[in-house]
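S.K.: Submitted below is the structure of interest, expressed as structure tokens.
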Amino acid sequence: MRGGRRPIGTVAKKKSRIALARARQRRYRKFVDRGPCRFCRKEGLVIDYKDVSTLERLCSQQGKLFSRKRSGNCAKHQRQLKNSVKQARYLGLLPFVG
């Protein structure tokens, strides 16, 4: 049982040091560094406030921007993306809240 209470009289099973290390690795393996960001790889890709499909792909269902770690963008393009999303929201192309 995860997160719940054990029945009375049972003893918790101890994990080995190796099992704990594997669990720790699995926890942080979610987002892997994949090299340069998609906008650095392809020179033709430009972040534009009018390109709503690209902006929606980099936002969550609630309208929040994905982090750099999750989207895989570099710092420069993440800043450009942030400004483009703000501009698109102001013009009504993107919702403020999903």
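S.K.: Less than 15 Å Cβ to Cβ from residue 90, Lys/Arg counted +1 and Asp/Glu -1: what total charge do the surrounding residues give?
M.R.: Surrounding charge for residue 90 is +3.
S.K.: Full-extension gain between residue 26 and residue 53, please, as 0.36 nm times their residue separation minus the C-alpha to C-alpha distance. Before the final figure, lay out the partial values.
M.R.: Values: separation 27, 0.36 × 27 = 9.72 nm, distance 3.19 nm.
Between residue 26 and residue 53, full extension yields an extra 6.5 nm.
S.K.: How large is the Kirkwood hydrodynamic radius of region 36-98, counting all unique pairs of alpha carbons, in Å? Could the numbers behind the result be given before it?
M.R.: Values: mean 1/r = 0.0854 Å⁻¹.
So the Kirkwood estimate lands at 11.7 Å.
S.K.: Taking the mean number of other Cβ atoms within 10 Å as a proxy for protection, how do you rank 52-58, 20-26, 71-77 from highest to lowest?
M.R.: On the way: 52-58: 14.7, 20-26: 10.3, 71-77: 16.9.
Result, highest mean first: 71-77, 52-58, 20-26.
Bear in mind that the values in this text are calculations on the coordinates, not laboratory data. For clarity, every value in this text was computed on a predicted model and none was experimentally measured. Cβ coordinates were reconstructed from backbone atoms using ideal geometry, including for glycine residues, and neighbour counts include every protein chain displayed.
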